[in-house]
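The values are calculated or read from the model by the stated rules, or taken from the named source; none is laboratory data. A quick note: this is a predicted structure, and the numbers were derived from the prediction, not measured. FYI the Cβ positions are ideal-geometry reconstructions off the backbone, even for glycines, and counts take in every protein chain you see. Please note that ligands, DNA and RNA were not included when accessible areas were found on the heavy atoms of the full protein model with its side chains. Shrake-Rupley method; radii C 1.70, N 1.55, O 1.52, S 1.80 Å.
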Amino acid sequence: MDKFIYKKSAGITSMTDFTYKKHAHQEYAIGVTLRGIQHYHLDGSLHLSYQNGVMLFNPEQAHDGMAHDETGLDYVMLYIEPQLLLEVIEKKDIVRFSNPIVYDYRLEKRILSLANAILSEKDEILCSELLLSLTDSLVQTDFSTDFKKDNALIRKAKDILHTNLENVLKLDEICKELDLSKFQFIRLFKAHTGISPYQYFLNCKIERAKQLIEKNRDIYVAVAECGFVDLTHLNKHFKSVYGTTAFEYMSHLN
């Protein structure tokens, strides 16, 4: 990893031989490939984002990621909380991107303008105006309300997982609560989310650790409250999702 910058909700990454393991974000992730080819699997299919490709990930949409070849790649990524995006586009129910990659010059420029404003710590009002311009472009090009919703069992399982992030995942207790066998639960969960219950739980722990680091600027609070064995354990899993260790991430915040 040559460079990683992450401020507020924007990240710029240069990648050579690093590979992201399969993971998902709670937010919408919207990015642009600046150089090279981004290679990743999404919903069971391989996707390639070439230079100027706009990558669109829905909340909790499992994916991996790597450079397609030895030349590496540069890309910029924005992470937008679902409730914020819904507020901006004046929708109540979650909307989904219908295409994982689009090539749209105007949309690309608006993503880059907002990312640059965030990274340069411009005034909040300017960032809000740029976000509005960006979402106006998204609404015109790619949003869909037709998508597979989680069923009640999956929503309940996610709630249980989210409320026990500081503990070890206890599959037996969840399955008893849902009245499913272990194998029924794993199969159902993976069919709806594209990711295993364990990986989803681990991703949630890492996401929560990131939020705690941002809030407290204390990495050991994140280790303790998210149930990691030690800092090495957190760093290993944090890097598999964000491409940088938790310690390095915190140093960029200061």
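Computed quantities for the displayed model
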read-out	value
Residues of region 95-114 that turn out to be outside any loop (DSSP other than H, G, I, E, B), of a type outside the set (S, T, N, Q) and open to solvent by 40 Å² or more (accessible area, probe 1.4 Å), as a count	5
Matching option when the condition is modelled with pLDDT of 90 or more and either open to solvent by 10 Å² or more (accessible area, probe 1.4 Å) or of a type in the set (Val, Ile, Thr) (or both), among Leu56, Leu34	Leu34
Lone qualifier among Leu78, Leu134, Leu126, Leu130 - being surrounded by 14 or more Cβ atoms within 10 Å (Cβ to Cβ) and farther than 25 Å from His252 by Cα	Leu134
Selection from region 1-31 of residues that are at pLDDT below 60, surrounded by fewer than 21 Cβ atoms within 10 Å (Cβ to Cβ) and in a strand (DSSP E or B)	Lys3, Phe4, Ile5, Lys7, Ile12, Ser14
Single match in Leu84, Leu112 (criterion: touching a residue at least 60 places away in the same chain (Cβ under 8 Å), farther than 23 Å from His41 by Cα and within 19 Å of the chain's Cα centre (by Cα))	Leu112
Which listed residue is in contact (Cβ under 8 Å) with a residue 12 or more places away in the chain, out of contact with any helix residue (DSSP H, G or I) (no Cβ under 7 Å at 6 or more places or on another chain), in a strand (DSSP E or B) and among the charged types (D, E, K, R), from Asp74, Asp69	Asp74
